[in-house]
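Working notes, beginning with the structure itself.
Readers should treat all values here as calculations from the given coordinates under stated rules, not as data from a laboratory. Owing to the predicted nature of the structure, the values given are computational and were not obtained by experimental measurement. Because the Cβ atoms are built from the backbone with ideal geometry, glycine has one as well, and the counts that use them run over all protein chains shown.
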Amino acid sequence: MKTLIVKYLLIKQMCFVAGIAVLLFSCKGKEKAADDDAKVVSQTPVTVTTVNDSTLIDYIDLNATSATLQKNIVKANAIGYIQEVNAQLGHNVGKGQVLFTIKTKEAQSIGNSINVLDTTFKFSGVNKIRASLPGYISQLSHQKGDYVQDGEQLAVISDRSSFVFLMQLPYELKQYVKMGQNVDLTLPGNIKIGGTVSSFMPSVDTVAQTQGVVIKVNPAQQIPENLVAKARIVKSAKTNTISLPKSAILANETQTEFWVMKLINPTTAVKVPVKEGIQSGDRVEILSPKFSKQDKIIISGNYGLPDTAKVKIVEP
């Protein structure tokens with residue numbers, strides 16, 4: 001009987017120990033699973049790209065204002081009254097076209113008295129004023145019936161052939177603009193036209209330190225004066241150069257150091273310092289180091305990653 005009791009106690013003790021062992025193993029399994037879950041969560045989801053051979057153009061945009069360089073002032077050639085006006089604001093006129101008819105004040109006062117006294121004396125006192133150059137009427141100062149003095153301005157004719165765009169170029173950028181250089185102009189409404197640098201103004205603005213550049217355009221295009229356009233000046237251009245999207249480039253607060261996050265295996269990214277070249281649109285030239293087309297560079301999810309980081313590639 002005593003032997004049976006001892007066996008019973010031993011069996012009960014063994015069951016108790018086995019239960020504790022199972023419980024401990026279960027807890028360790030849960031802890032391991034939790035650790036595995038933590039490792040999975042610590043992987044930052046990212047998207048990646050590769051380097052491309054691109055053609056990059058570095059340019060600057062400056063304002064250019066339309067203007068007519070040559071204007072012809074139409075003046076009265078006698079003191080009198082305007083009898084006829086054959087000019088309208090904005091209308092084109094040809095060379096030699098009669099614009100104004102002026103009757104002198106003497107003729108207005110005397111009338112036909114002289115012709116009545118002497119029929120051989122042909123006196124009318126009427127002067128015709130003609131356009132000396134072709135163009136369009138940009139100013140009209142007098143109308144029919146106005147009394148004008150000799151030499152008084154009646155109208156202004158703008159010579160369409162002298163129509164240009166005047167671009168204000170900062171003097172430190174003059175090295176990028178040459179005589180005869182082609183310039184792309186973008187008008188309001190995204191209308192694009194081409195122009196050519198024809199001359200430089202002989203003076204510089206004292207305050208802004210900008211020099212006027214004359215850009216010649218096709219005079220047949222009907223463009224109003226004082227229209228502000230964007231002139232694009234090419235500073236440099238490179239073909240077949242290695243580039244990355246801007247989103248792949250990270251920088252410090254002072255913008256003095258730049259780097260990218262490069263994958264060394266499917267789950268690990270490291271910090272690689274880079275040297276930037278020219279920028280064009282959404283692309284940045286990479287001068288160094290020389291990446292291969294097989295290298296994978298992170299373009300999203302890279303902000304704030306440490307030097308060596310665990311990542312998980314996801315579809316963009």
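Each other residue within a Cβ distance under 11 Å of residue 135 adds +1 if Lys or Arg and -1 if Asp or Glu, for a net charge of +2.
Measuring between alpha carbons in the structure, the pairs from 238/271; 246/296; 71/174; 71/178; 95/128 lying more than 23 angstrom apart are 238/271; 71/174; 71/178. Among 164, 214, 270, a tally of other beta-carbon atoms within 10 Å of each Cβ gives an order, fewest to most, of 270, 214, 164. Placing dummy labels 7 Å off each Cα toward the beta-carbon, the span from residue 176 to residue 300 is 3.2 nm. For the peptides 71-79, 146-154, residues were scored by their other Cβ atoms within 10 Å and the scores averaged per peptide; the highest-first order is 71-79, 146-154.
Stretching the chain fully between residue 79 and residue 49 yields a gain of 2.7 nm (0.36 nm per residue, less the alpha carbon separation). Listed peptides 306-315, 43-52 appear in the order 43-52, 306-315 once ranked by packing, highest mean of other Cβ atoms within 10 Å at the front.
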